[in-house]
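What follows is a single structure, written as structure tokens, with notes after it.
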Amino acid sequence: QQQVKQSPQSLIVQKGGISIINCAYENTAFDYFPWYQQFPGKGPALLIAIRPDVSEKKEGRFTISFNKSAKQFSLHIMDSQPGDSATYFCAAHQGGSEKLVFGKGMKLTVNP
Amino acid sequence: KAGVTQTPRYLIKTRGQQVTLSCSPISGHRSVSWYQQTPGQGLQFLFEYFSETQRNKGNFPGRFSGRQFSNSRSEMNVSTLELGDSALYLCASKFGPGKGTEAFFGQGTRLTVV
């Protein structure tokens with residue numbers, strides 16, 4: 001049972017474009033939603049995170065939008081750069097534990 | 001400040017053997033979690049240790065086990081290896097329990113079972 005559904009699986013954008021990744025969840029016990037970026041041969045690195053009582057959070061070119069009633073959240077990457085080419089994972093923290101439940105990931109390719 | 005260190009980086013083992021992977025968390029971090037990453041299943045939680053105690057366990061068979069030492073270093077062990085255990089095993093460290101504290105991942109140990 002996949003508790004966090006992520007889409008699309010892959011995305012190709014041109015330099016300067018906007019990349020959008022969507023995630024949906026069912027478990028209302030999730031209480032913290034981080035996004036991770038992973039380059040080949042590296043471990044995931046935290047990009048940005050949001051709590052469910054906040055509808056939007058922006059850090060530089062990265063923005064998370066959160067819709068608690070719809071149980072959906074998304075990552076927007078503005079002015080995408082070739083260096084952003086990586087795999088992006090949304091995750092959800094399960095309250096009462098240290099468990100992170102990850103989406104399947106999205107491979108982003110930014111063409112120069 | 002040194003990051004999360006996992007050793008070894010690469011391992012090749014034969015079916016039926018056992019393997020031990022090591023994780024040194026960031027200095028001062030006391031919570032260590034382990035994840036398995038495969039192309040098919042993605043990132044899946046194995047278990048989490050805090051102050052030498054296993055606090056949470058994922059849905060993996062008993063062949064997967066772990067422990068944490070008093071210096072917060074952690075090891076995970078997989079016994080009777082199967083081909084399906086081939087994966088990238090990732091360790092993540094946190095300062096302590098709680099939803100707001102960031103989890104830092106190591107580069108992982110790539111295990112290949114032949």
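The values are calculated or read from the model by the stated rules, or taken from the named source; none is laboratory data. Bear in mind the structure is a predicted one, so any value in this text is a computation, not a measurement. Please note: Cβ atoms are built from the backbone with ideal geometry, for glycine as well, and neighbour counts cover all protein chains shown.
Please verify whether B:Arg67 is of a type in the set (D, E, K, R), in a loop (DSSP other than H, G, I, E, B), touching a residue at least 12 places away in the same chain (Cβ under 8 Å) and surrounded by fewer than 22 Cβ atoms within 10 Å (Cβ to Cβ), treating the condition exactly as stated.
no
Given the conditions (1) under 26 Å from A:Cys90 (Cα atoms); (2) at pLDDT below 95, which single one is not true for B:Gly28?
Every condition holds for B:Gly28 apart from (1).
Would you be able to say whether some residue in the range A:56-74 is among the small types (Gly, Ala, Ser) and in contact with a His (Cβ under 8 Å, 6 or more places away or on another chain)?
yes
List pairs: first in the range A:74-98 and under 13 Å from A:Ser7 (Cα atoms), second surrounded by 24 or more Cβ atoms within 10 Å (Cβ to Cβ) and among the hydroxyl-bearing types (Ser, Thr, Tyr), Cβ under 6 Å, 6+ apart or cross-chain?
Matching pairs, first to second residue: A:Phe89/A:Tyr36.
Yes or no: B:Pro61 closer than 22 Å to A:Lys104 by Cα and loosely packed, with under 15 Cβ neighbours inside 10 Å?
yes
State the number of residues belonging to the range B:4-51 that are more than 14 Å from the chain's Cα centre (by Cα), surrounded by fewer than 16 Cβ atoms within 10 Å (Cβ to Cβ) and part of a loop (DSSP other than H, G, I, E, B).
Qualifying residue count for the region: 11.
Identify, by number, the condition in (1) more than 21 Å from B:Ala87 (Cβ to Cβ); (2) touching a strand residue (DSSP E or B) at 6+ places or on another chain (Cβ under 8 Å); (3) among the small types (Gly, Ala, Ser) that A:Gly60 doesn't meet.
(2)
Assess whether A:Val101 counts as being closer than 20 Å to B:Gln36 by Cα and of a type in the set (A, V, I, L, M).
Taking the combined requirement at face value, the residue satisfies it.
Within the range A:22-32, work out how many residues are hydrophobic (A, V, I, L, M, F, W, C) and at pLDDT 95 or above.
2
Name the residues in the range B:73-114 that are more than 14 Å from chain A (Cβ to nearest Cβ) and either closer than 14 Å to B:Leu21 by Cα or surrounded by 15 or more Cβ atoms within 10 Å (Cβ to Cβ) (or both), would you?
B:Arg73, B:Glu75, B:Met76, B:Asn77, B:Val78, B:Ser79, B:Leu81, B:Asp85, B:Ser86, B:Leu111, B:Thr112, B:Val113
Kindly provide the set of residues from the range B:75-88 that are assigned to a strand (DSSP E or B), within 22 Å of A:Phe102 (Cα to Cα) and out of contact with any Gly (no Cβ under 6 Å at 6 or more places or on another chain), ordered by number.
B:Ala87, the sole residue that qualifies.
Go through the range A:46-91 residue by residue and tally those that are of a type in the set (Phe, Trp, Tyr) and touching a Lys or Arg at 6+ places or on another chain (Cβ under 6 Å).
Here the count works out to 0.
For a quick check of your reading: which strands (runs of 3 or more DSSP E) sit entirely within the range A:29-112 and have at least 3 residues that are away from chain B (no Cβ under 14 Å) and farther than 30 Å from B:Pro8 by Cβ?
A:62-67, A:72-77, A:106-111
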